[in-house]
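These notes concern the structure reproduced below.
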């Protein structure tokens with residue numbers, strides 16, 4: 001594998017992953033609709049970018065595609081944690097009422113039951129939501145990135 005192309009592809013895939021999932025309105029819509037395209041899409045994008053930047057390589061193995069997705073997930077987790085922390089500080093640690101207002105404006109609150117609203121109240125009321133979010137990102141982003149790398153290898157790198 002070409003190291004320069006690998007790092008470029010993983011970096012750009014991770015940036016796309018962080019932007020699609022951690023910008024507040026885009027992330028809320030993606031989570032409510034269970035699209036999460038930003039998570040596994042970053043892995044697919046990294047495989048596609050690697051393919052475009054290194055056309056001399058005849059094939060990409062499944063392990064190499066998974067590695068690209070893993071690296072994109074790690075980059076996405078780092079950038080997503082930074083973006084999430086910045087947006088949380090800008091919004092002053094969004095309150096559960098403000099979060100519910102966002103969901104009402106998006107038309108998503110009608111699909112939530114009272115237990116989901118209680119969970120939102122508990123998470124939003126604690127000061128540790130940035131820490132919990134960061135820990136979740138360092139688990140979920142690499143896993144979904146690897147899945148995206150696997151899918152991207154199967155779709156993009158046909159033999």
* Pulled fully out, how much extra length does the chain show between residue 132 and residue 7, if you take 0.36 nm times their separation in residues and subtract their Cα-Cα distance? -> 42.2 nm
* **FRET efficiency estimate (nearest 0.05) - Cβ-Cβ, residue 112 to residue 52, R0 35 angstrom** => 0.25
* Order by neighbour count: 54, 113, 22, 101, fewest other Cβ atoms within 10 Å first, most last. => 113, 101, 54, 22
* To do: Mind giving me the FRET efficiency for residue 86 and residue 26? R0 is 22 Å, r the Cβ-Cβ distance, nearest 0.05 is fine.
  => 0.90
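Among 144, 87, which comes first, then next, by fewest other beta-carbon atoms within 10 Å?
87, 144
Bear in mind these aren't lab numbers, they're just calculated from the coordinates by the rules spelled out. Everything numeric in this text was worked out from a predicted model, so none of it was measured. Cβ sites come from the backbone with ideal geometry, for glycine too, and all protein chains shown count toward neighbours.
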